Every structure is written in structure tokens, then in C-alpha cells.
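Right, one structure below, let's go through it.
The values are calculated or read from the model by the stated rules, or taken from the named source; none is laboratory data. Everything numeric in this text was worked out from a predicted model, so none of it was measured. Note: ideal-geometry Cβ built from the backbone for every residue, glycine included; neighbour counts use all protein chains shown. Accessible surface is based on the protein model in full, side chains and every heavy atom, while ligands, DNA and RNA are left aside. Shrake-Rupley method; radii C 1.70, N 1.55, O 1.52, S 1.80 Å.
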Amino acid sequence: MEANQISRDYRINEEIWTPEVRLIDETGRQLGIFSIRDALRLAQERDLDLVEVAPNASPPVCRLLNYGKFLYERAKKEREARKAQKVTEIKEIRMRPKIGEHDINVKLRRVREFLDEGAKVKIRVRFRGREMSYQELGRKLLDDIAARLADVAMVEQEPHMEGPTMLMLVTSKAKATSAGSASKSIGDSQSKQE
């Protein structure tokens with residue numbers, strides 16, 4: 001196998017420089033401690049690679065395996081793990097401290113749509129010029145929005161200033177409740193087993 005074309009995560013074959021290694025065969029059975037020369041000869045006889053899997057052990061642990069196949073399987077597992085991950089999207093709604101009532105209702109309807117889609121929503125109140133001295137208006141607006149969304153959302157991050165804007169992060173109550181009830185049911189089943 002061409003060593004230059006392979007990822008550099010592990011030392012393989014001639015790159016292993018320790019005089020002795022603990023050897024594990026392709027089935028996972030421990031063969032014992034071998035000199036590096038004998039381990040390399042055994043790997044060549046079986047048409048496999050000698051891969052150093054635990055370099056900090058004394059002596060280092062090496063494994064006989066097909067390194068290309070090993071890398072392929074590992075990359076495949078990583079792809080599957082990434083596919084299984086659910087990426088939570090964060091949507092943003094912007095408003096001003098002197099927003100009208102109708103505009104607030106439109107923005108709230110949009111926030112509810114985002115929450116139904118499973119996204120978290122960052123609500124941003126932007127201050128300009130002299131409005132910075134009336135930050136309590138922004139805080140009052142965000143508190144009002146949180147109260148209006150209380151039936152479907154919970155505040156994940158309290159309102160705070162970030163530059164000339166005040167931010168608040170809300171997430172769906174159903175999502176938080178289902179995660180909480182799942183952990184509660186796990187705890188209940190564990191307590192029943194004891």
C-alpha cells in the first residue's frame with residue numbers, strides 16, 4: 001500500500017520507529033510483544049499493514065489491518081453520524097423599540113412559524129442614536145413578546161445588550177418539554193429497576 005496517499009492519523013509500517021511493539025492481529029486477538037522487524041515481516045506475510053494504534057503505551061500497541069479499508073470504514077461511520085445529527089437552525093427577527101402594535105403581531109406570527117419548524121428564534125431590538133438612552137423600552141418590548149409567546153415558547157437566553165442591539169433567544173416549549181420528558185422517563189425506568 002502506498003504510504004504517501006494515506007491520511008496521517010496513525011503511523012504505519014516503516015514509520016513506526018520503536019524497537020518493540022505489542023501486536024494485535026486482524027481478528028482482535030493479542031499476539032504478544034514482537035520486535036518491529038518481526039511485526040513488519042508478519043504484516044507482509046499476511047498482506048496487511050502494521051498500524052500503531054496506541055503510541056503512548058509501553059510498548060506501543062500495533063495492529064495488523066488493511067489500512068485503506070480501515071480509513072474507508074471510519075469515514076463511512078463519520079458520515080453516518082453527521083447524517084444522524086439534527087442541526088438546529090437559528091432564525092432572527094429584527095425590530096425597533098418604537099414598533100407599532102400591528103407590526104408586533106406580524107413579527108409574532110413569524111416567530112410562531114419558525115418555532116413550529118423546529119428552529120430557535122433570536123429576537124433583536126435595534127437602537128439608533130438617542131434611542132440608546134431608552135434601553136428600558138427595548139427590554140419592556142422583549143418581555144412583552146416573551147409573555148405573548150409563553151404558550152408555545154420559552155426564553156432560552158434572557159434579553160441582553162450586544163452592541164447597539166438587545167437580544168433574546170427563544171425556543172419551542174414542545175421541543176424542550178419532549179427532551180425533558182424523555183430524560184424524566186429514563187430516570188423513572190431506572191428507579192423502577194432498582
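Which one is most open to solvent (accessible area, probe 1.4 Å), of the residues in region 24-35 that are part of a strand (DSSP E or B) and either of a type in the set (Asp, Glu) or farther than 8 Å from Cys62 by Cβ (or both)?
It comes out as Gln30.
Would you call His102 surrounded by fewer than 15 Cβ atoms within 10 Å (Cβ to Cβ) and part of a strand (DSSP E or B)?
When the stated conditions are applied, His102 does not pass them.
Testing Phe114 on (1) open to solvent by less than 50 Å² (accessible area, probe 1.4 Å); (2) under 30 Å from the mean Cα position of the chain (by Cα); (3) farther than 30 Å from Met154 by Cα, one condition comes back false. Which one is that?
Unmet condition: (3).
Let's see how each residue does on (1) at pLDDT 85 or above; (2) buried (at least 18 other Cβ atoms within 10 Å of the Cβ); (3) among the basic types (Lys, Arg):
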position	(1), (2), (3)
Met1	no, no, no
Arg8	no, no, yes
Ile12	no, yes, no
Arg22	yes, yes, yes
Asp38	yes, no, no
Gln44	yes, no, no
Val53	no, no, no
Asn56	no, no, no
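Inside region 111-141, can you point out the residues that are closer than 14 Å to Met95 by Cβ and among the small types (Gly, Ala, Ser)?
Correct list: Gly138 only.
Considering each residue of region 58-79, count those that are of a type outside the set (Lys, Arg), open to solvent by less than 100 Å² (accessible area, probe 1.4 Å) and not in a strand (DSSP E or B), and give that number.
Of the residues in region 58-79, 10 are of a type outside the set (Lys, Arg), open to solvent by less than 100 Å² (accessible area, probe 1.4 Å) and not in a strand (DSSP E or B).
Here are Val51, Val87: which of them is outside any loop (DSSP other than H, G, I, E, B) and of a type outside the set (Ser, Thr, Tyr)?
Val51
Quick one: in region 118-162, which of the residues that are without any contact (Cβ under 8 Å) to a residue 24 or more places away in the chain and part of a loop (DSSP other than H, G, I, E, B) is surrounded by the fewest Cβ atoms within 10 Å (Cβ to Cβ)?
The residue in question is Asp151.
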